[in-house]
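Report on the structure given below.
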Amino acid sequence: MNKKEKAELTDKYRKAIKRLVLLDYDGTLVNYELIPDEARLPEHLADILIKIMDKPETRVCIISGRGYKDIDKLLDHLPVEIISDHGAMIKENGRWKNQIIENNLWKKTIIHFLNKITATCPESFVEEKKFSLAWHYRKAEPELGYACSRELISLLEEIVHSYNLKILDGNKVVEILTNETGKGEAVKKLCDQDNYDFILSIGDDATDEEMFEFFLHNSDAFSIKVGNGDTYAKYKLESIGEVMSLLKHLSA
């Protein structure tokens, strides 16, 4: 994102009547950590977000793939809306609400494959969330972890369609969830609730691409991918530091 593009974004933000700011958590606001609970929001960044939230007609929402209990612990000090579990749960006015109907009958079949691959990849592990299953390999030996993740995805691709599931190939994680769940569907619901003339959407991972794709043809939306790689986002920033700098600029 060059200076001209940042100036255009800032001008649109200042002139907007109603704003929506959507921010991924891990890899966007904080660095990935080997121990996920240690990825805490820096105090100065929390202050920046509060300043943005305090601006008239500005809605700020953290939208994360984390389970709702995990992200709630990390952000319990911040009066911010949260969408967790890739859109399956939302916290509004301090209360968590389901956004999809809970149906986990498929988990028993899928977890068999996850446990099988875990046995061949030391330091990998399975996480069961309310609406999904995730296989993490961040702690595993990098080459082995990646190779096992490709093997797992190949195995899962043969069966997920039978259960109306999809695979998210994330940052050192393979996650399985229902087709009804996703950040794209979550932001669609948000946008249906009001008429926003400025939308800022920032994320770093493959799990954010549904969100970016939804905003692809919206002229009022600025979608930003953090880091390299192919993306539906309209712009890119290189690092979390650049995200922080942009948010600080908007909070002034």
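The values are calculated or read from the model by the stated rules, or taken from the named source; none is laboratory data. Since the model is a prediction, treat every value here as computed from it, not as a measurement. Positions of Cβ are generated from backbone atoms using ideal geometry, with glycine treated the same way; all protein chains shown enter the neighbour counts. Keep in mind that these areas ignore ligands, DNA and RNA; they rest on the heavy atoms of the full protein, side chains included. Shrake-Rupley method; radii C 1.70, N 1.55, O 1.52, S 1.80 Å.
A compact table of results
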quantity: Residue list for region 235-251, filter: under 17 Å from the mean Cα position of the chain (by Cα) and small (Gly, Ala, Ser); calculated: Ser239
quantity: Selection status of Ala46, small (Gly, Ala, Ser), farther than 25 Å from Phe214 by Cβ and in contact with a His (Cβ under 8 Å, 6 or more places away or on another chain); calculated: yes
quantity: Of the criteria (1) surrounded by 14 or more Cβ atoms within 10 Å (Cβ to Cβ); (2) under 26 Å from Leu45 (Cβ atoms); (3) in contact with a strand residue (DSSP E or B) (Cβ under 8 Å, 6 or more places away or on another chain), which one Gln99 fails; calculated: (2)
quantity: Number of the condition not met by Glu5 [criteria: (1) farther than 29 Å from Lys234 by Cβ; (2) among the acidic types (Asp, Glu); (3) at pLDDT 90 or above]; calculated: (1)
quantity: Every pair of residues 6+ apart whose Cβ atoms lie under 7 Å, when the first sits in region 46-72 and is over 18 Å from Ile83 (Cβ atoms) while the second is polar (S, T, N, Q) and surrounded by 15 or more Cβ atoms within 10 Å (Cβ to Cβ); calculated: Ile48/Ser251; Lys51/Ser251
quantity: Subset of region 1-30 [surrounded by 14 or more Cβ atoms within 10 Å (Cβ to Cβ), more than 21 Å from Leu78 (Cβ to Cβ) and polar (S, T, N, Q)]; calculated: Thr10
quantity: Residue satisfying all of: in region 114-141; of a type in the set (Gly, Ala, Ser) and not in a loop (DSSP other than H, G, I, E, B); surrounded by the most Cβ atoms within 10 Å (Cβ to Cβ) among these; calculated: Ser132
quantity: Number of the condition not met by Ala39 [criteria: (1) of a type in the set (A, V, I, L, M); (2) open to solvent by less than 70 Å² (accessible area, probe 1.4 Å); (3) more than 27 Å from Pro142 (Cβ to Cβ)]; calculated: (3)
quantity: Elements of type helices (runs of 4 or more DSSP H) contained in region 1-93, each with 2 or more residues being under 30 Å from Thr178 (Cβ atoms) and of a type in the set (D, E, K, R); calculated: 68-75
quantity: Odd one out for Leu105 among (1) surrounded by 15 or more Cβ atoms within 10 Å (Cβ to Cβ); (2) not in a helix (DSSP H, G or I); calculated: (1)
quantity: Hey, Ile111 without any contact (Cβ under 8 Å) to a residue 24 or more places away in the chain, among the β-branched types (Val, Ile, Thr), farther than 24 Å from Asp37 by Cα and open to solvent by less than 90 Å² (accessible area, probe 1.4 Å) or not; calculated: no
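Table: residues versus (1) of a type in the set (Lys, Arg); (2) at pLDDT 90 or above; (3) touching a Cys at 6+ places or on another chain (Cβ under 8 Å).
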| residue | (1), (2), (3) |
| --- | --- |
| Cys148 | no, yes, yes |
| Glu151 | no, yes, no |
| Ser154 | no, yes, no |
| Glu157 | no, yes, no |
| Leu165 | no, yes, no |
| Asp169 | no, yes, no |
| Leu177 | no, yes, no |
| Lys183 | yes, yes, no |
| Ala186 | no, yes, no |
